[in-house]
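Visitor: My questions all concern the structure below.
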Amino acid sequence: MSLVELNSPLQTLQGVSRTVSPGRAEPPAPGRQSKLTIIPLAFRDAAEAVDRLHRHHKRPTGHKFSLGVLDDAGTLRGAAIVGRPVARCFDDGWQLEVTRVATDGTPNACSTLYGAAWRTASAAGYLRLITYTQDGESGASLRAVGWKQVAALRPRAGWDTPSRPRRDRGTDQVARILWEQSRSGAAALPALAELRNEIRNEILCEGPGCGQPFPLRPGPGRPARFCSTTCRVRAHRAAKAAV
């Protein structure tokens, strides 16, 4: 399927910047179902749509590609931004992540964007597309276009770490659900323990026979390697025995 699904591409694309501008678009009429059309978007236009429409996230720093959805009047009703996976264990060159989806509430706009994002990524040769929803979000738009729920991740304390201080993103302390679309031949997903380790407010204990996650302790200095004194002593004894 072509990335651009327009009867008159040039005429509609010339109006994209105009419809993205804040305050220009009228809200969708209640009970009226618009014919929705997917178009490619420049990152600037997609980021402006996210700033205007997203409930809890700001724009990301970049993308691989972005898509918009127009109603039958040519008004931009939402945008999806697709980029490299945030978690390093997914960033193998064959997977992408839907980092933002924002709409003004037009019926089916969200599911249309998710479906188009996967078709575009798959046509480009990528084997998997992932995204996250927050705890309390139903995921109905994802299920409607064939996405599968694959993992539930516990809330993280925040992205701030001793080695890399960062600001609160406004979404900390919220559990998340991981979703995917994948092609045959895609590598198996990492183990859930590895995914949780990517959250980086937890560390896997290096003690022999342990490997359990434990909270990253705040403050300066090197991060701890062991969850308890017992595991630290076991590791020390094992290292001495191996010499």
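The values are calculated or read from the model by the stated rules, or taken from the named source; none is laboratory data. Since the model is a prediction, treat every value here as computed from it, not as a measurement. FYI the Cβ positions are ideal-geometry reconstructions off the backbone, even for glycines, and counts take in every protein chain you see. Ligands, DNA and RNA are stripped out before the accessible areas are found, and what is left, the full protein with its side chains, is counted by its heavy atoms. Shrake-Rupley method; radii C 1.70, N 1.55, O 1.52, S 1.80 Å.
Visitor: Cβ contacts < 9 Å: first residue hydroxyl-bearing (Ser, Thr, Tyr), restricted to region 35-51; second residue at pLDDT below 95 and open to solvent by 50 Å² or more (accessible area, probe 1.4 Å), any location; separation 6+ or different chain. Result?
Guide: Short answer, once both residue conditions are applied: 37/5; 37/7; 37/72.
Visitor: Now for a different question. If I ask for residues that are under 19 Å from residue 75 (Cα atoms) and without any contact (Cβ under 8 Å) to a residue 60 or more places away in the chain, which ones from region 101-127 would you list?
Guide: So the first thing to find is which residues in region 101-127 are under 19 Å from residue 75 (Cα atoms), and the list is 101-114, 116.
101, 102, 103, 110, 111, 114 - these are the residues of region 101-127 that are under 19 Å from residue 75 (Cα atoms) and without any contact (Cβ under 8 Å) to a residue 60 or more places away in the chain.
Visitor: Here's a follow-up. Which residue pairs have Cβ atoms under 8 Å apart, sit 6 or more places apart or on different chains, and have a first residue in region 223-239 that is hydroxyl-bearing (Ser, Thr, Tyr) and a second that is open to solvent by less than 90 Å² (accessible area, probe 1.4 Å)?
Guide: 228/205; 228/207; 230/207
Visitor: Starting from region 83-99, take each residue that is under 10 Å from residue 128 (Cα atoms) and list its partners that are of a type in the set (Asp, Glu) and part of a strand (DSSP E or B), counting only C-beta distances under 8 angstrom and pairs at least six apart or across chains.
Guide: These pairs meet every condition: 90/97.
Visitor: Would a scan of region 197-208 turn up a residue that is touching a strand residue (DSSP E or B) at 6+ places or on another chain (Cβ under 6 Å), at pLDDT 85 or above and either aromatic (Phe, Trp, Tyr) or surrounded by 11 or more Cβ atoms within 10 Å (Cβ to Cβ) (or both)?
Guide: No, region 197-208 contains no residue that is touching a strand residue (DSSP E or B) at 6+ places or on another chain (Cβ under 6 Å), at pLDDT 85 or above and either aromatic (Phe, Trp, Tyr) or surrounded by 11 or more Cβ atoms within 10 Å (Cβ to Cβ) (or both).
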